[in-house]
Amino acid sequence: MAEAVAEGIKRKFDIFQISRYNKLIPHRKAGQCPLNRKDVVIPAGDLEKQRDFTRRAAGYLARLGREPRAFVDTYGCQQNVSDSQRIMGMLREMGCVLVREAAEADIIAVNTCAIRENAEKKVFGVVGQLVHVKEKNPDAVICLCGCMAQRRLVAEKIKASYRHVDLVFGPQALWKFPELLCSVLSRRQRVFSIEEEHGSIAEGIPVVRESGVKAWVSIMYGCNNFCSYCIVPYVRGRERSREPEAVLAEVRELAEAGYKEITLLGQNVNSYGKDLDTPMDFADLLAEIDRIPGDYLIRFMTSHPKDAGEKLFRTMARCAHVAHQLHLPVQSGNSRVLKAMNRGYTREQYLEKVRQAREAMPDLVLTSDIIIGFPGETEAEAMDTVSLIEEVRYDALFTFLFSPRPGTPAAVMADPASRAEKQVWFDRLLDAQNRISAELHQGYVGKTVRVLVDGESGDGAWPLSSRTHGGRLVHLRGGRELIGQYVDVKITDSNTWALFGEV
Ligand code: 5AD
Ligand code: SF4
């Protein structure tokens, strides 16, 4: 079917650039490869050219004789959500209206995640289905972008077997989406652009923010840590920080526009500023942001425990705008496994950071990521993770079964434990965490807390959703007019996942 569609519109395969970087540089060497700032920041002239391409793309799309429609489908982490907001911004500048269904759209962008095999399988399913959209509307342009697009094997598979996909580009090429789209629209040829190696920083790309309440601000891109299980450093390039002035200007603009919650994003925000010409650390950036006037809260993610320390915790404690919330992924509670994961800290060092953070902020809300079933992990080692979470008592956890990512060191490590055994360990971890979360949530009942009402919940009995300063979800009774406001609520009930309250 896909072949028939491709034949029908008679396109030829056009540009296929694959990165040398995609050959997966051995992790230790690549981590030592510093970026030259001059090669990273995209010059203003190049960005201006993209605005020309935006106008040209608008011209091609105007030939439809009606408003062109675009649909952006997002998978994965907040960085992808933020990237999608930029893709939507560029599409809107081309004159597109944004729609909610692929079937209605003339341009479809699927922004993908490569972190686990399941995420990839899901995307292949979704992209496979788009062949039907192409049958109905052969002029529709289908784009695959994000982390999966940067993987050589994925690009090859799309090239050979998903011939209805017109444009494939990785996260590093996002800033030249207008140019890539123009190539497709003008010549009706397939374009694959995943050639860039270490990544770039492009300022001034338009953004469509989905709510007037919460906003994402990327402060840095890429990762140098090469945790042995993780694909991110291979697809998102080396760590590179935005200039502090650019971050401050964006936060100031959002605060002035009335945004109430601003989340700073980076794969490891604690590495912020190391690559700047005038180095500055993340704690100093937070302190600078905090001086911006307004009624807003700053959150951030993700913090690598090896780089988080007392300076950060003390800065968080004294900055009025900074939430007392920390996502500090531990991954494992066993020091041997942590070493095999290349995490750069031991169980004891991690626990000491938690102690320091709580000393600085006794009301800290703490969350974490855990991987169960890392290659070679034994039952006793997995139970060390369970004992760590009992000791730390996180407010919530994001738990994952290890998923081998081709090209990473962990994917070729001996992995003797069966899936069924790992599932048993995983379930024990979940049971322990569910109990802890329920106990911690029960502690809120009867208290009055300040929350930001951030939207509707879709539940008739508790129509509003809101978040405490620490980021815990509170379902509320109340009217829509409260959305976007801070209100004091009395917590009346709780369960494992959420709190329930009344204004
Ligand atoms: N398998 C399972 N979980 C993974 N993560 C990253 N890579 C893998 C993998 N190969 C998890 C880590 C990380 C989170 C974003 O995803 O816990 O912190
Ligand atoms: Fe992946 Fe995070 Fe480790 Fe970077 S720090 S390699 S993104 S798990």
Practice task
Test Tyr259 against the stated conditions and say whether it is at pLDDT below 95 and of a type in the set (Ser, Thr, Tyr).
Solution key: no
Problem - Selection count where residues are under 25 Å from the mean Cα position of the chain (by Cα) and more than 16 Å from ligand 1 (Cβ to nearest atom), scope segment 320-338 - result: 5
Exercise for the section: Give segment 266-299 a look and list any residue that's farther than 21 Å from Leu364 by Cα and open to solvent by less than 30 Å² (accessible area, probe 1.4 Å), or say none. Expected result: Ser271, Tyr272, Gly273, Leu276, Ile292
Handout entry: The one condition in (1) open to solvent by 60 Å² or more (accessible area, probe 1.4 Å); (2) in contact with a Leu (Cβ under 7 Å, 6 or more places away or on another chain); (3) more than 16 Å from Lys490 (Cα to Cα) that Arg467 fails to fulfil
Key = (3)
Problem - Top-ranked residue of segment 266-285 - restricted to ones that are closer than 17 Å to Ala308 by Cβ, out of contact with any Cys (no Cβ under 7 Å at 6 or more places or on another chain) and part of a loop (DSSP other than H, G, I, E, B), ranked as nearest to ligand 1 (Cβ to nearest atom) - result: Gly266
Fill in the blank from the handout: Filter segment 353-364 for residues that are outside any helix (DSSP H, G or I) and out of contact with any helix residue (DSSP H, G or I) (no Cβ under 9 Å at 6 or more places or on another chain); the one that is nearest to ligand 1 (Cβ to nearest atom) is Asp363
Handout entry: Residues of segment 375-418 that turn out to be within 30 Å of Ala498 (Cα to Cα), surrounded by 15 or more Cβ atoms within 10 Å (Cβ to Cβ) and near ligand 1 (Cβ under 9 Å from one of its atoms), as a count
Key = 5
Exercise for the section: Kindly indicate which of Arg242, Arg236 is charged (D, E, K, R), away from ligand 1 (no atom under 16 Å from the Cβ) and under 22 Å from the mean Cα position of the chain (by Cα). Expected result: Arg242
Practice task
Sort through Leu144, Leu61, Leu91, Leu98 and tell me the only one that's at pLDDT 95 or above, within 13 Å of Val165 (Cα to Cα) and more than 16 Å from ligand 2 (Cβ to nearest atom).
Solution key: Leu144
Problem - Residues located in segment 198-211, provided they are in a loop (DSSP other than H, G, I, E, B) and either open to solvent by 50 Å² or more (accessible area, probe 1.4 Å) or of a type in the set (Val, Ile, Thr) (or both) - result: Glu203, Gly204, Ile205, Val207, Val208, Arg209, Glu210
Exercise for the section: Output the number of the condition that Ala257 fails; it satisfies all remaining conditions of (1) over 23 Å from Ala360 (Cα atoms); (2) free of Cβ contacts under 8 Å to residues at least 40 places away in the same chain; (3) surrounded by fewer than 17 Cβ atoms within 10 Å (Cβ to Cβ). Expected result: (2)
Exercise for the section: Could you tell me which of the residues Thr263, Thr302 is within 24 Å of the chain's Cα centre (by Cα), open to solvent by less than 40 Å² (accessible area, probe 1.4 Å) and within 14 Å of ligand 1 (Cβ to nearest atom)? Expected result: Thr302
Exercise for the section: Answer yes if at least one residue in segment 321-331 is open to solvent by less than 20 Å² (accessible area, probe 1.4 Å), part of a helix (DSSP H, G or I) and either out of contact with any helix residue (DSSP H, G or I) (no Cβ under 9 Å at 6 or more places or on another chain) or within 16 Å of ligand 2 (Cβ to nearest atom) (or both), and no otherwise. Expected result: no
Practice task
Inspect all residues belonging to segment 424-445 and state whether any of them is open to solvent by 40 Å² or more (accessible area, probe 1.4 Å), within 30 Å of Tyr234 (Cβ to Cβ) and not basic (Lys, Arg).
Solution key: yes
Exercise for the section: State whether one or more residues within segment 447-470 are at pLDDT below 95, within 14 Å of ligand 1 (Cβ to nearest atom) and under 24 Å from the mean Cα position of the chain (by Cα). Expected result: no
Problem - Lone qualifier among Val235, Val208, Val165 - being touching a residue at least 12 places away in the same chain (Cβ under 8 Å) and touching a strand residue (DSSP E or B) at 6+ places or on another chain (Cβ under 6 Å) - result: Val165
Completion exercise
Output for Cβ contacts, cut-off 6 Å, separation at least six or different chains, first residue within 16 Å of Arg55 (Cβ to Cβ) in segment 174-197, second open to solvent by less than 10 Å² (accessible area, probe 1.4 Å) and hydroxyl-bearing (Ser, Thr, Tyr), reads Leu180/Ser193
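The values are calculated or read from the model by the stated rules, or taken from the named source; none is laboratory data. All values reported here derive from a predicted model rather than from experimental measurement. Note that each Cβ is placed from the backbone with ideal geometry, even for glycine, and that neighbours are counted across all protein chains shown. What goes into the accessible areas is simple: the full protein's heavy atoms, side chains included, and nothing from ligands, DNA or RNA. Shrake-Rupley method; radii C 1.70, N 1.55, O 1.52, S 1.80 Å.
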